[in-house]
1. For D99, what accessible surface area do you get with a 1.4 Å probe? Give it in Å², rounded to 10.
2. Run the numbers for R158 and D231: contour at 0.36 nm per residue of separation, minus the present Cα-Cα distance, in nm.
3. Taking the solvent-accessible surface of protein heavy atoms with a 1.4 Å probe, what is the per residue accessible area of the chain in Å²?
4. Hey, with R₀ at 25 Å, roughly what FRET efficiency would R70 and S139 work out to, going by the Cβ-Cβ distance, to 0.05?
5. Could you check the simple spin-label distance between S3 and E79, using points 7 Å along Cα→Cβ, in nm with one decimal?
6. Could you work out how much longer the chain between D16 and E41 gets when fully extended? Use 0.36 nm per residue separation minus the Cα distance between them, nm to one decimal.
7. Using modelled backbone amide H atoms (1.01 Å from N, in-plane), which distant-in-sequence or interchain residues come within less than 5 Å of G55's amide H?
8. With labels modelled as points extended 7 Å from the Cα through the Cβ direction, what inter-label distance (nm, one decimal) is found for D173 paired with L23?
Amino acid sequence: MSSISHNLQAVTARIDAACRAALRNPQTVTLLAVSKTFGPEAVIEAADAGQRAFGENYLQEALDKMASIRASRPDLLLEWHFIGPIQSNKTRPIAEHFDWVHSVDREKIAQRLSEQRPAHLPPLNICLQVNISGEESKSGVAPEQLGPLANTVSMLPRLALRGLMAIPEAAEDMDKQHAPLRRLRQLCDSLREQGLALDTLSMGMSADLEAAIAEGATIVRIGTAIFGKRDYAK
Ligand SMILES: *Cc1c(COP(=O)(O)O)cnc(C)c1O
C-alpha cells in the first residue's frame, strides 16, 4: 500500500475515533485533503484511494494541477476547495474552477465571485474566514464585522453561504486548542439564530483535528498527515 493511501486510512481512523468520543456520526465530517505544494501524482494517488475533496491555497499551482489531472485522468470526478488568500484581480478563475471557497473575508471578493460564477455551474459554496485569534497578520473578518458580511454574502445570487472557516493560532497544549474552535462554533450558532441557514464549520488541521471535531467541525482540512511535510523551496 502506498504511503498516501496508508496515511488516508490513518487520518480516517483519527476522524472516526474523534467522532466516537464526541458522540457524533462520522458521516457528518468531511475530510478535505490539502494538496498544496504536492503534484498531480499525489492527488491521483489519493483519489484512487477514494479521496474526493481537495484543498488548494495557490491559484496558479491549483489550475496547473487540475489541468494536468483532467488530461491524464478524465475519469476522476474531484471536488476542489480554494482555501488560500484571495487577491481581487484573481477571482474569475476561482469562480470558474472551484466548487468551494473557504477564505472569503470581504464583500468586494464575494461580489466579484458571484458576478463571475459561470451560469452553467451551481452556486459557488462559500465559507467566511474569521480571524478568530485576533492576530494582526492573519486574514479573516473580525468577529464584530462578521454579521453584516454574512448578511450581504447570503443575498448574492450565485453564491451559497455554507458556514465559517478559521485558522486558529497554534496552541502550546491540547487544552488551549479548544477555545478558538468553540468561539467559531458560537459565532456560527448566533448567525443561525439570526436566520441564516449555515451547515458548515471548516476547522481542524493535522495537529488539532480531534479538538475541532469535539467542537463541531464538519470539514477538517488535512495536509501534512496525508501527504507528508511540505517543501516550499520546490
Ligand atoms: C496548509 C493548510 C492546511 C493543512 O494544514 P496541515 O497542518 O498540513 O494539515 C489547512 N488549512 C489551510 C487554510 C492551510 O493553508
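The values are calculated or read from the model by the stated rules, or taken from the named source; none is laboratory data. The model shown is predicted, which means the values in this text are computed figures rather than measured ones. Cβ placement follows ideal geometry from the backbone for every residue including glycine, while neighbour counts extend to all protein chains displayed. When the accessible area is computed, the model is the full protein with side chains, heavy atoms only, and any ligands, DNA or RNA have been set aside. Shrake-Rupley method; radii C 1.70, N 1.55, O 1.52, S 1.80 Å.
1. Around 50 Å² of this residue is reachable by solvent.
2. Details: separation 73, 0.36 × 73 = 26.28 nm, distance 3.62 nm.
My answer for the length gained is 22.7 nm.
3. Working: 11290 Å² over 234 residues.
On a per-residue basis, 48 Å².
4. The pair R70/S139 has a calculated efficiency of 0.25.
5. The two pseudo-label positions are separated by 2.8 nm.
6. On the way: separation 25, 0.36 × 25 = 9.00 nm, distance 2.68 nm.
Here the segment from D16 to E41 would lengthen by 6.3 nm.
7. Amide H neighbours of G55, under 5 Å, 5+ apart: A33, V34, S35, H81.
8. Taking the two extended label points, one gets 2.7 nm.
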